[in-house]
Protein chains: 2
Amino acid sequence: MYGLIGKMRAARGQRDAVMDVLRESTAALPGCLSYIIATDPADADAIWVTEVWTDQASHKASLQLPEVQAAIARARPFIAGFEFQIETQPVGGFGLPAPEKAG
Amino acid sequence: MYGLIGKMRAARGQRDAVMDVLRESTAALPGCLSYIIATDPADADAIWVTEVWTDQASHKASLQLPEVQAAIARARPFIAGFEFQIETQPVGGFGLPAPEKAG
């Protein structure tokens with residue numbers, strides 16, 4: 001599996017506008033096992049996104065999907081930057097569907 | 001909902017021992033919606049844990065469960081420390097079960 005943990009910073013006061021785009025555009029994309037959007041009680045303009053994909057190729061391919069490209073275009077004006085992003089290798093736990101293949 | 005994103009550091013060479021305890025002890029705890037364990041390709045002794053609970057009280061209560069206490073006791077000798085832990089407020093996304101109540 002392939003994972004991402006990222007912290008995005010919205011332009012001041014625009015966090016909810018970014019969240020709205022993320023929520024509306026989050027759907028069952030091929031290879032996506034989990035995509036969780038969260039606010040940060042200690043940082044009013046921050047958005048945390050934690051993702052699990054079957055493999056890195058699925059994540060990469062998703063960025064080319066028309067609906068994802070459209071969401072990126074809609075959200076971009078409200079995003080100040082990305083402060084933190086790390087790649088992980090999820091190995092298990094609770095709450096993931098059984099992956100179709102190892103990543 | 002209540003979320004945690006944390007990075008744990010295993011004692012040198014003991015990451016897999018910690019992972020084994022985490023995997024064996026991860027089960028359907030009351031209020032737990034997601035608990036994902038991941039390694040870090042850039043940091044051989046690191047373990048990332050991302051959690052989603054229905055609310056903070058459920059998370060707190062889980063720490064008192066006998067099976068969780070036992071897992072903590074088993075893992076502790078192999079853990080060097082906790083480098084990073086933030087609390088989040090997950091608001092949605094993909095791959096979470098419908099929560100029974102808002103957190």
*Taking each residue of A:48-57 in turn, how many C-beta atoms of other protein chains fall within 10 Å of its C-beta, and what is the average?*
3
*Please list, in chain and number order, the residues 5+ apart from B:ILE79 or on another chain whose amide H is under 5 Å from its amide H, with Hs placed from the backbone.*
B:ALA11
_Ellipticity estimate at 222 nm from DSSP helix runs (n ≥ 4, -39,500 (n - 2.57)) divided over the protein assembly as shown, nearest 500_ = -8000 deg cm²/dmol
*For A:GLY92, which sequence-distant residues (separation of 5 or more, or a different chain) have an amide H within less than 5 Å of its own amide H, given hydrogens modelled in the peptide plane?*
B:ILE37
*Hey, with R₀ at 35 Å, roughly what FRET efficiency would B:GLN85 and A:ALA28 work out to, going by the Cβ-Cβ distance, to 0.05?*
0.70
*Karplus couplings for segment B:67-82 from phi (6.51 cos²θ - 1.76 cosθ + 1.60, θ = phi - 60°), rounded to Hz, Gly and Pro as x?*
5, 6, 4, 5, 5, 4, 5, 5, 7, 3, x, 9, 9, 8, x, 10
*Any chance you could list the semi-axes, whole Å, largest first, of the equivalent ellipsoid that the Cα gyration tensor gives for the protein assembly as shown, using √(5λ)?*
28, 19, 17
*Compute the length gained on full extension between A:ILE72 and A:ASP45: take 0.36 nm times their separation in residues and subtract their Cα-Cα distance, giving the result in nm to one decimal.*
7.9 nm
*Check the axis relating chain A to chain B and name the residue of A whose C-beta is nearest, distance in whole Å.*
A:THR50, 2
*For segment A:35-51, just list the computed ³J(HN,Hα) in residue order, Karplus coefficients 6.51, -1.76 and 1.60, θ = phi - 60°, integers in Hz, with x standing in for Gly and Pro.*
8, 10, 9, 9, 8, 10, x, 9, 7, 5, 9, 8, 9, 9, 10, 10, 10
_Using Cα-Cα distances under 8 Å and only pairs 6 or more residues apart, what relative contact order does segment B:2-88 have, in percent?_
50 percent
*Read phi for every residue in segment B:2-12 and hand back ³J(HN,Hα) as whole Hz from Karplus 6.51 cos²θ - 1.76 cosθ + 1.60, θ = phi - 60°, with x for Gly and Pro.*
10, x, 9, 10, x, 10, 10, 10, 7, 4, 3
*asked:* Let me check I've understood the local charge: for A:PRO66, count other residues with C-beta under 15 angstrom from its C-beta, Lys and Arg +1, Asp and Glu -1. What total comes out?
replied: -1
*Label geometry 7 Å along the beta-carbon vector: A:PRO66 inter-copy distances in nm*: 5.8
*Shielding of A:82-88 by partners, i.e. mean partner chain Cβ atoms within 10 Å per residue?*
4
_Using a 7 Å Cα-to-Cβ projection, A:GLY6 label spacings across copies, nm, ascending_ = 2.6
*Shape parameters for chain A, alpha-carbon atoms, Rg then Dmax in Å*: 13.8, 41
*Taking every residue in B:63-76, how many Cβ atoms of other protein chains lie within 10 Å of its Cβ, on average?*
0
_Ranked by how many other beta carbons lie within 10 Å on average, peptides A:68-76, B:6-14, B:49-57, A:35-43 from highest_ = B:49-57, A:35-43, B:6-14, A:68-76
*Provide an ascending nm list, one decimal, of label-point separations from B:LEU96 to the equivalent residue in each further copy; define each label point as 7 Å from Cα along Cα→Cβ.*
1.9
*Using only Cα atoms, locate the centre of segment A:30-64 and the centre of segment B:22-75, then give the distance between them in Å, rounded to an integer.*
20 Å
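Bear in mind that the values in this text are calculations on the coordinates, not laboratory data. Small disclaimer: the values here were computed from a predicted structure and weren't measured. When we count neighbours, we look across all protein chains shown, and the Cβ atoms used for this are built from the backbone with ideal geometry, even at glycine.
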